[in-house]
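Q: Below is the structure I would like to discuss, written out as structure tokens.
The values are calculated or read from the model by the stated rules, or taken from the named source; none is laboratory data. Source: prediction; values computed, not measured. A quick note on method: Cβ atoms are made from the backbone with ideal geometry, for glycine too, and the neighbour counts reach across all protein chains shown. Ligands, DNA and RNA are excluded from the accessible area calculation, which covers all protein heavy atoms including side chains. Shrake-Rupley method; radii C 1.70, N 1.55, O 1.52, S 1.80 Å.
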Amino acid sequence: MSNTSANSAKKLFIKTWGCQMNVYDSNRMADILRPLGYQTTDTADDADMIILNTCHIREKATDKVFSDLGRLRPLKEKKEKEGGQLLMAVAGCVAQAEGDFILERAPYVDMVFGPQTYHELPEMVIEANGGDRIINTDFDGENKFDKLPEEQQNSGSSAFLSIQEGCDKFCTFCVVPYTRGAEYSRDVQAIVDEGKRMVDGGALEITVLGQNVNAFHGIGPDGSTWGLGELLRALHDIDGLERLRYTTSHPRDMDDDLIAAHGELPKLQPFLHLPVQSGSNKILKAMNRKHDRDLYFDVIERLRKARPDITFSSDFIVGFPGETDQDFEDTMDMVRRVEFVSCYSFKFSARPGTPAANMQNLVRDDVASERLSRLQALLNEQQAEFNRKSVGMTLPVLLDRKGKKPGQLVGRSPFMQSVFVQGNERLMDTIVDIKITEGFDNSLTGEIVTSESITHTA
Ligand code: SAH
Ligand code: SF4
Ligand code: F3S
């Protein structure tokens, strides 16, 4: 076994697909591996370990992983020829779902582990260094969050914090309950402590994460079970925190207390991603969404009452088995009624092992494609309209990225719009008032407001 000293700098390259939970997990993997001497790098070329943190949500996920593995393989061969070692790992939801297949088809892969076992990376690395091939995809009930070291990865001015994992909803199209396992909520105190550390480390915005985040039911410091509304109130009290968001929510779990929180907590941003999938009651039922269209309209209305400037985004699936023209028109009708500001929409993809994969009455691909482009045209129109309406407003923007043009900074408005502005680099990682001058399909441009006498519109 090559027992390299823990201090010698080794390079770790992590590529992340999928949802923000995977982004969070990748950061935590880096945290776990740092004490073993691994520093993250932006390129695979000089890496001593490569982790592909994968997503299994839609088709071709596995193909993409194999094609990446194929491209990376020569790096490993080169390194070994030079007498070195390159550990290759597949993590995340494809690893969870197809672990055995990956080990079989890609003999050069050293480690395969799922979203619930990456806290065991130190042991896995030791074994892999000794020449073993590792597969670690059990859901053994052990709480990974209790085993993780305190996060050290500087999460930047906009930080993600996982508070809930897994899903018990079992929508008929979805792999998440199988890849992430049963729903689990972290304890409130551990979350609040992590939030404080993020703010101490420079976070101005925290987005709390979960596959089904508003099903959160963690144990509070008083021993009782807290819902998401109560947790948001506790996080809201953190000094220095300016913005709070949460994602992804299920319409059925928007309870009164959470809705009320939107009216009470100024740091809670006026934007909510609330996936609905379809506007047809028949399809919602076949999807096992456990809500109908009226419940969705009702939730939207109550949220708007609590926080009048709130805006919404959603996810849609078109071409679900059995979807008729009328079902699709119900979706279009719903979109017209709600008026979203940005959305994701997908053609149904049959995922192995899910109930929908065995359903009859498949929608022809050309029909599904046509529906998808009609839906996307409407959603794009709504987004562009909202962006045009933002012109002239002054919005507080959290500048957290550099743009491609010299001197350009990029950030997010309260409504998650990308805002481009010319500004001094020292404004990076601050919230700046920006007067919006142009609204495009997917972004805004604006100018920094220097005057003291501006009125906030959000
Ligand atoms: N937890 C979230 C979403 C998880 S997956 C929720 O409950 O809404 C993100 C999005 O991917 C889903 O909202 C859905 O629109 C899409 N999706 C999931 N499975 C899919 C499938 N089999 N085919 C097409 N889109 C899918
Ligand atoms: Fe998947 Fe449905 Fe759970 Fe969302 S609520 S993660 S779509 S099973
Ligand atoms: Fe993908 Fe797994 Fe997230 S399937 S969307 S990475 S939970």
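Q: Show which aspartates and glutamates lie in cross-link reach of LYS347 when reach means a straight Cα distance below 16 angstrom and same-chain residues fewer than eight apart are skipped.
A: Counting by Cα, and skipping residues close in sequence, LYS347 has these aspartates and glutamates nearby: GLU59, ASP315, GLU323, ASP325, ASP327, GLU329, ASP365, ASP366, GLU370.
Q: Separate question: Need the full-extension length gain, ALA182 to GLN85, defined as separation in residues times 0.36 nm minus the C-alpha distance. One decimal, nm. Mind dumping the intermediate values first?
A: Numbers: separation 97, 0.36 × 97 = 34.92 nm, distance 3.65 nm.
Contour length minus Cα-Cα distance gives 31.3 nm.
Q: Right, another one. What are the residues whose amide H is under 5 Å from the amide H of HIS273, where those residues sit 5 or more places off or on another chain and H is modelled from the backbone?
A: For HIS273, the qualifying residues are SER313.
Q: Please find the FRET efficiency linking SER373 to LYS60, where r is the Cβ-Cβ separation and R0 is fixed at 30 Å, and quote it to the nearest 0.05.
A: Values: r = 20 Å, r/R0 = 0.65.
Efficiency for this residue pair is about 0.95.
Q: Also, quick follow-up: When the chain is fully extended, how far beyond the present Cα-Cα distance does GLU447 get from GLN408, taking 0.36 nm per residue of separation?
A: On the way: separation 39, 0.36 × 39 = 14.04 nm, distance 1.10 nm.
Here the answer is 12.9 nm.
Q: Report the accessible area of THR43, computed with a 1.4 Å probe over the heavy atoms of all protein chains in place, in Å² rounded to the nearest 10.
A: It works out to around 50 Å².
Q: How many angstrom lie between the Cα centre of segment 249-279 and the Cα centre of segment 167-185?
A: Here the two parts' Cα centres lie 20 Å apart.
Q: I've got another one for you. Relative contact order for segment 221-350: what is it in percent, counting Cα pairs under 8 Å that are at least 6 residues apart?
A: Numbers: 170 pairs, mean separation 32.2, N = 130.
Reported relative contact order: 25 percent.
Q: Quick one: P(r) of the chain from all Cα-Cα pairs, 10 Å bins, percents rounded to integers, in order of increasing distance.
A: Percent of Cα pairs in each bin: 4, 19, 27, 28, 18, 5, 0.
Q: Placing +1 at every Lys and Arg Cβ and -1 at every Asp and Glu Cβ, with all other atoms neutral, what dipole size does the chain have around its Cα centre, in debye to the nearest 20? Intermediate results must be reported in sequence, preceding the final value.
A: Numbers: 53 positive and 70 negative charges, 219 e Å.
I would put it at about 1040 debye.
Q: Nearest 0.05, what FRET efficiency do GLU329 and GLU264 give at R0 = 45 Å with Cβ-Cβ as r?
A: Numbers: r = 38 Å, r/R0 = 0.84.
FRET efficiency, GLU329 to GLU264: 0.75.
Q: Which residues in segment 392-419 place their backbone N less than 15 Å from a point set 7 Å from the Cα of LYS435 along the Cα-to-Cβ direction?
A: 392-396
Q: Tell me which DSSP H helices of the chain clear both cut-offs, 24 Å or more of axial length from alpha-carbon atoms and a mean Kyte-Doolittle hydropathy of at least 0.0.
A: Working: long enough: 61-81 (31 Å, -1.23); 365-389 (36 Å, -1.06).
Sorted by number, there is nothing, because no helix extends far enough and scores high enough.
Q: How much accessible area does THR437 have with a 1.4 Å probe, in Å² rounded to the nearest 10?
A: 60 Å²
Q: Further, regarding this structure: Could you tell me the calculated FRET efficiency between VAL391 and ASP222, based on Cβ-Cβ distance and R0 = 51 angstrom, to the nearest 0.05?
A: Working: r = 48 Å, r/R0 = 0.94.
Taking R0 as 51 Å, the efficiency between VAL391 and ASP222 is 0.60.
Q: Could you grab the relative contact order for the chain? Cα pairs under 8 Å, six or more apart, rounded to a whole percent.
A: 10 percent
Q: Follow-up. Pull up the cross-link candidates among the lysines for LYS81, meaning alpha carbon to alpha carbon under 26 Å and not fewer than 8 places away within one chain.
A: LYS10, LYS11, LYS15
Q: Then there's this: Which cross-chain or sequence-distant (5 or more) residues have an amide H under 5 Å from the amide H of ILE134, H modelled 1.01 Å from N in plane?
A: Residues meeting the criterion, in which the H sits 1.01 Å from N, are MET111, VAL112.
Q: Follow-up. Could you please report the charge total around LEU268, scoring K, R as +1 and D, E as -1 over all other residues with beta-carbon less than 9 angstrom from its beta-carbon? Walk me through the numbers on the way to the answer.
A: Details: positive: ARG243, ARG245, LYS267, ARG307; negative: GLU264.
Charge balance in the 9 Å sphere: +3.
Q: Do any cysteines in the chain lack another Cys Cβ under 4.7 Å, and if so which?
A: Result for the chain is CYS19, CYS55, CYS93, CYS167, CYS343, no neighbouring Cys Cβ within the cutoff.
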